[in-house]
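Undergrad: Have a look at this one before I ask anything.
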Amino acid sequence: MIGVIVGSGFEDLRLEHCLDRVFQTPFGEVDLTTGRWANQKVALVYRHGKDHRYAPHQVPYRAQIWALKSLGVSHILATGTVGGMSADNAPGHMSVPDQIVDYTWGRESTYWGVEGFKCQHIDFTEPFSSLLREALLESAKALKIYVHNGGVYACTQGPRLESAAEVRRMIMDGCDMCGMTAMPEAALARELGMEYAMLCASVNWAAGLSGSTIAWDDVKQTMANVVVNMKKILNDTISHLNF
Ligand code: HPA
């Protein structure tokens with residue numbers, strides 16, 4: 001089955017023939033919805049909860065990924081909003097990153113040590129699934145919606161936005177966009193043997209890059225505009241997947 005994890009801007013997304021469930025996991029409860037999207041069976045997780053109650057550092061990542069695996073999900077498409085740190089990631093643009101630098105701390109970021117679960121040092125050379133990345137990019141191309149191929153996603157702790165110096169440092173580290181949720185999500189999916197890729201939308205210039213402070217109301221407007229195309233891309237991608 002296909003899993004979809006949606007972030008900010010997708011609160012009104014509904015599957016067809018959907019069933020809302022509260023799923024119990026060893027890591028707590030997860031609200032998720034199963035149903036159909038583009039004629040495929042899909043399990044949908046609202047990363048921040050349906051009422052947006054989890055800030056990025058509070059998201060129950062382990063429970064959410066565990067729940068998807070337990071339902072038989074093998075491939076996860078995720079969405080995320082980011083602050084742009086390179087020309088390819090100007091506000092309003094989308095990208096499918098191919099690398100991650102993890103700046104988060106204190107998050108439950110592994111299943112290692114969980115009773116009954118044998119965890120190893122997973123390979124994370126390529127943190128995102130090439131199969132799902134290609135699928136997203138193919139759909140964007142078919143729909144004639146420009147999506148940048150690649151880029152380094154810097155995962156910051158949040159919930160505050162970054163300082164200008166933090167952004168300068170991340171640019172020097174080779175990062176192209178910063179968001180708050182790809183980690184530990186991507187690593188947990190890998191630990192459980194699931195394919196995972198993220199469609200990102202830049203909704204602001206990262207701190208210090210635009211000459212002004214970041215107004216979250218402007219961010220929300222950019223988000224609302226770009227989400228329309230993100231949904232189209234997801235719809236097409238899902239329609240072509242066969243799991
Ligand atoms: N930084 C981190 N996460 C974000 C940003 C940002 O500037 N914009 C949207 N998500």
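The values are calculated or read from the model by the stated rules, or taken from the named source; none is laboratory data. Note that the coordinates shown come from a computational prediction; the quantities given were computed from them, not determined experimentally. Positions of Cβ are backbone-derived with ideal geometry, glycine not excepted, and every protein chain shown enters the neighbour counts. Remember, those area values only see protein heavy atoms, side chains included, never the ligands or the DNA or RNA. Shrake-Rupley method; radii C 1.70, N 1.55, O 1.52, S 1.80 Å.
Undergrad: Restricting the search to the stretch 155-199, which residues are farther than 19 Å from A55 by Cβ and not aliphatic (A, V, I, L, M)?
TA: R168, R169, D173, G174, C175, D176, R190, E191, G193, E195, Y196
Undergrad: Moving to a separate point now. Under 6 Å between Cβ atoms, which residue pairs at least 6 apart in sequence (or on different chains) link something in the stretch 186-214 that is within 16 Å of the ligand (Cβ to nearest atom) and among the hydrophobic types (A, V, I, L, M, F, W, C) with a partner that is open to solvent by 30 Å² or more (accessible area, probe 1.4 Å) and part of a strand (DSSP E or B)?
TA: Matching pairs, first to second residue: A201/T81; V203/T81.
Undergrad: Can you confirm whether the stretch 106-122 contains a residue that is touching a residue at least 60 places away in the same chain (Cβ under 8 Å), among the aliphatic types (A, V, I, L, M) and outside any loop (DSSP other than H, G, I, E, B)?
TA: No, the stretch 106-122 contains no residue that is touching a residue at least 60 places away in the same chain (Cβ under 8 Å), among the aliphatic types (A, V, I, L, M) and outside any loop (DSSP other than H, G, I, E, B).
Undergrad: Please find, within the stretch 153-185, the residue that is nearest to the ligand (Cβ to nearest atom) out of those that are acidic (D, E) and out of contact with any helix residue (DSSP H, G or I) (no Cβ under 8 Å at 6 or more places or on another chain).
TA: E166
Undergrad: Among the strands (runs of 3 or more DSSP E) contained in the stretch 22-85, which hold 3 or more residues that are open to solvent by less than 10 Å² (accessible area, probe 1.4 Å) and within 30 Å of E162 (Cα to Cα)? Talk me through it step by step, then tell me what you get.
TA: Details: elements: 28-37, 40-46, 75-84.
Filter on the stretch 22-85 gives 75-84.
Undergrad: Let me ask you something else. Based on what the data block shows, is P127 in contact (Cβ under 8 Å) with a residue 40 or more places away in the chain and touching a Lys or Arg at 6+ places or on another chain (Cβ under 8 Å)? Explain how you work it out, then say what you get.
TA: Working: in contact (Cβ under 8 Å) with a residue 40 or more places away in the chain: yes; touching a Lys or Arg at 6+ places or on another chain (Cβ under 8 Å): yes.
Judged against the criteria, P127 is a match.
Undergrad: Of (1) closer than 20 Å to A201 by Cβ; (2) at pLDDT 95 or above, H75 satisfies all except one. Which?
TA: The single condition H75 does not satisfy is (1).
Undergrad: When residues of the stretch 1-24 are filtered for being of a type in the set (A, V, I, L, M) and within 16 Å of the ligand (Cβ to nearest atom), how many remain?
TA: Total satisfying the criteria: 2.
Undergrad: Taking the options S74, S86, S109, name whichever one is within 16 Å of the ligand (Cβ to nearest atom) and of a type in the set (S, T, Y).
TA: It is S86.
Undergrad: Another question, if that's okay. When you go through (1) assigned to a strand (DSSP E or B); (2) without any contact (Cβ under 8 Å) to a residue 40 or more places away in the chain; (3) open to solvent by 40 Å² or more (accessible area, probe 1.4 Å) one by one for V101, which number turns out not to apply?
TA: (2)
Undergrad: When only residues in the stretch 1-21 that are among the charged types (D, E, K, R) and in a loop (DSSP other than H, G, I, E, B) count, which is most open to solvent (accessible area, probe 1.4 Å)?
TA: Taking the stretch 1-21 first, the residues among the charged types (D, E, K, R) are 11-12, 14, 16, 20-21.
Checking the rest, the ones that are also in a loop (DSSP other than H, G, I, E, B) come to 11-12, 14.
Details: E11: 74, D12: 103, R14: 145 Å².
This residue is R14.
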